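> Structure provided below as structure tokens; questions to follow.
The values are calculated or read from the model by the stated rules, or taken from the named source; none is laboratory data. The shown structure was predicted, so the numbers you read here are calculated from the model rather than taken from an experiment. Please note: Cβ atoms are built from the backbone with ideal geometry, for glycine as well, and neighbour counts cover all protein chains shown. What goes into the accessible areas is simple: the full protein's heavy atoms, side chains included, and nothing from ligands, DNA or RNA. Shrake-Rupley method; radii C 1.70, N 1.55, O 1.52, S 1.80 Å.
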Amino acid sequence: MQTAAQLRAWQPTAGSAQRQQQRQRLAAAPRRSAVRVAATASSGADLHLFSPCKINLFLRVVRRREDGYHDLASLFHVIDLGDDMAFEALAGTAAADALTCNMVGVPTDGSNLVIKAFNMFRSKTGQKQRFAVDLQKRVPHGAGLGGGSANAATALWAANELCGRPASNEQLLAWSGEIGSDISVFFSNGAAYCTGRGEVVEDVAPPLPLDTPLLLVKPPVGLSTPDIFRALDLNRRSTADGRELLARLAAEGAVQELAVNDLEQPAFDRLPALLALKQRLQAEGPGFSSVFMTGSGSTIVCVGADEPPAFLQEAQYSDMFVSPARLITRQPGEWYAAPARGGAAAGAAATPAAVA
Ligand code: C5P
């Protein structure tokens, strides 16, 4: 049981109200293989895919645009924490796509990015195919991990596979940017220097070894991406150059000085307890080489070890989502494979988090 003071620590200082707190736990379990394509009686084919999420190793906000978006210079990297998605090509008589999800509160109608991805695929390719998809979520919401965006990318890839690949990877990448800003990175090889809204993707060599241990720590309260971008004070941004950060990251490794995220300022203003959490992870962790927020938060990424520090056992942190993770890439022409080891991507299904 948490005290009132402990619960208040995770109340946002401004913005929409916190609705509820949910426990999100990770329990190691072996994973099944990433991809399975098989004929079924009803539909023709089904496909099981891993839907990984991403972190931002650095994130510079370059300018606020007339259209309300922000131009970024950010190093996105796909990681092995992810959801499971089971797709089925429906019989020709099906009038609509069908989405089911284990996480209460996730919309399953046309507002879900997965359905938007199917609609985009049909309008671009002229295909009429409808799909059923079951989504088993592990990636928390409002986390800065791009979980919903990854689901849309995976759906776009799956639709193309189930229809015999009418589109190229380049086309899928271009179309993904019309659905949202964070989706295109999944059509890179896994490490991408992203500009524009985030949808202009340049493949780069992974700047860190893929086996670099990572620890993700996220409080039960999530943060709203539009709110955080709106609350950014442009005068308080870093002055670091994105290309220089990229070059130095590859040369020097993940040192704290390079872990720049311009969105930490609005996120920490809104949620001071998140800054306190970051500072404790830096001070009391097992010597993480860098600790930083990913995307618009509220996940804090620790680099260099994946053992949770002892202080996370304290009652005030009992509702934290805590997960080890690793950087991953994909082979050209293939989708991301689920990790074979138990650990990062394995775990209890995520539950919906309140968004500040
Ligand atoms: O593109 P997406 O729908 O994911 O973006 C969600 C919101 O986040 C946008 O409506 C915008 O408010 C904000 N955003 C931004 N600049 C970006 C990406 C997102 O301001 N580069």
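> If you take the residues of region 142-175 that are over 20 Å from Thr100 (Cβ atoms), within 16 Å of the ligand (Cβ to nearest atom) and free of Cβ contacts under 8 Å to residues at least 40 places away in the same chain, which of them is surrounded by the fewest Cβ atoms within 10 Å (Cβ to Cβ)?
Ranking the candidates gives Ala174 first.
> Which one is nearest to the chain's Cα centre (by Cα) among residues in region 66-76 that are more than 8 Å from the ligand (Cβ to nearest atom) and not aliphatic (A, V, I, L, M)?
Phe76
> What residue, among those in region 47-65 that are more than 12 Å from the ligand (Cβ to nearest atom) and surrounded by fewer than 23 Cβ atoms within 10 Å (Cβ to Cβ), is farthest from the chain's Cα centre (by Cα)?
Among residues in region 47-65 that are more than 12 Å from the ligand (Cβ to nearest atom) and surrounded by fewer than 23 Cβ atoms within 10 Å (Cβ to Cβ), the one farthest from the chain's Cα centre (by Cα) is Leu47.
> Could you say whether any residue in region 193-207 is at positive phi and in contact (Cβ under 8 Å) with a residue 12 or more places away in the chain?
yes
> How many of the residues making up region 181-226 are within 16 Å of the ligand (Cβ to nearest atom) and either aliphatic (A, V, I, L, M) or modelled with pLDDT under 95 (or both)?
Restricting attention to region 181-226, the residues satisfying the condition of being within 16 Å of the ligand (Cβ to nearest atom) are 181-187, 192-202, 222-226.
Filter once more, keeping what is either aliphatic (A, V, I, L, M) or modelled with pLDDT under 95 (or both): 183, 185, 192, 200-201, 222-223.
Of the residues in region 181-226, 7 are within 16 Å of the ligand (Cβ to nearest atom) and either aliphatic (A, V, I, L, M) or modelled with pLDDT under 95 (or both).
> Kindly establish whether Leu263 is touching a residue at least 24 places away in the same chain (Cβ under 8 Å) and either surrounded by fewer than 21 Cβ atoms within 10 Å (Cβ to Cβ) or more than 16 Å from the ligand (Cβ to nearest atom) (or both). Let's see the steps before the verdict.
Working: touching a residue at least 24 places away in the same chain (Cβ under 8 Å): yes; either surrounded by fewer than 21 Cβ atoms within 10 Å (Cβ to Cβ) or more than 16 Å from the ligand (Cβ to nearest atom) (or both): no.
For Leu263, the condition - touching a residue at least 24 places away in the same chain (Cβ under 8 Å) and either surrounded by fewer than 21 Cβ atoms within 10 Å (Cβ to Cβ) or more than 16 Å from the ligand (Cβ to nearest atom) (or both) - is not met.
> Could you grab me the full set of residues in region 87-114 that are in contact (Cβ under 8 Å) with a residue 40 or more places away in the chain and open to solvent by 30 Å² or more (accessible area, probe 1.4 Å)?
Once the filter is applied, which keeps residues that are in contact (Cβ under 8 Å) with a residue 40 or more places away in the chain and open to solvent by 30 Å² or more (accessible area, probe 1.4 Å), region 87-114 yields Glu88, Leu90, Ala91, Asn102, Val104, Gly105, Val106, Leu113.
> Spot the failing condition for His141; the list is (1) out of contact with any Pro (no Cβ under 8 Å at 6 or more places or on another chain); (2) over 23 Å from Arg122 (Cα atoms), and only one is missed.
The number of the failed condition is (1).
> Hey, among Ser296, Ser323, which residue is over 19 Å from Val204 (Cβ atoms), at pLDDT 95 or above and assigned to a loop (DSSP other than H, G, I, E, B)?
Going through Ser296, Ser323 in turn, just one is over 19 Å from Val204 (Cβ atoms), at pLDDT 95 or above and assigned to a loop (DSSP other than H, G, I, E, B): Ser296.
> Next question. Could you grab me the full set of residues in region 211-230 that are exposed (fewer than 14 other Cβ atoms within 10 Å of the Cβ) and assigned to a loop (DSSP other than H, G, I, E, B)?
Asp211 - this is the single residue of region 211-230 that is exposed (fewer than 14 other Cβ atoms within 10 Å of the Cβ) and assigned to a loop (DSSP other than H, G, I, E, B).
> Something else about it: Just to be sure before I move on: is Leu99 in a strand (DSSP E or B), over 17 Å from Thr225 (Cα atoms), within 16 Å of the ligand (Cβ to nearest atom) and hydrophobic (A, V, I, L, M, F, W, C) in the structure I sent?
No.
> Got a number for residues in region 231-247 being within 14 Å of the ligand (Cβ to nearest atom) and surrounded by 13 or more Cβ atoms within 10 Å (Cβ to Cβ)?
Summing the residues that are within 14 Å of the ligand (Cβ to nearest atom) and surrounded by 13 or more Cβ atoms within 10 Å (Cβ to Cβ) in region 231-247 gives 4.
> Something else about it: Report, by residue number, each residue of region 176-195 that is open to solvent by less than 10 Å² (accessible area, probe 1.4 Å) and β-branched (Val, Ile, Thr).
Once the filter is applied, which keeps residues that are open to solvent by less than 10 Å² (accessible area, probe 1.4 Å) and β-branched (Val, Ile, Thr), region 176-195 yields Ile183, Val185.
> Oh, and also: With in a strand (DSSP E or B) and small (Gly, Ala, Ser) as the only criterion, which of Gly82, Gly105 stands out? Steps first, please.
Values: Gly105 fails: in a strand (DSSP E or B).
Checking each option against the conditions leaves just Gly82.
> Filter region 111-138 down to the residues that are part of a loop (DSSP other than H, G, I, E, B), within 22 Å of Asp46 (Cβ to Cβ) and of a type outside the set (D, E, K, R) and list them by number.
Within region 111-138, Asn112, Gln127, Gln129 meet the criteria.
> Look at Ala132 and say whether it is open to solvent by less than 10 Å² (accessible area, probe 1.4 Å), aliphatic (A, V, I, L, M) and either within 14 Å of the ligand (Cβ to nearest atom) or in contact with a strand residue (DSSP E or B) (Cβ under 9 Å, 6 or more places away or on another chain) (or both).
no
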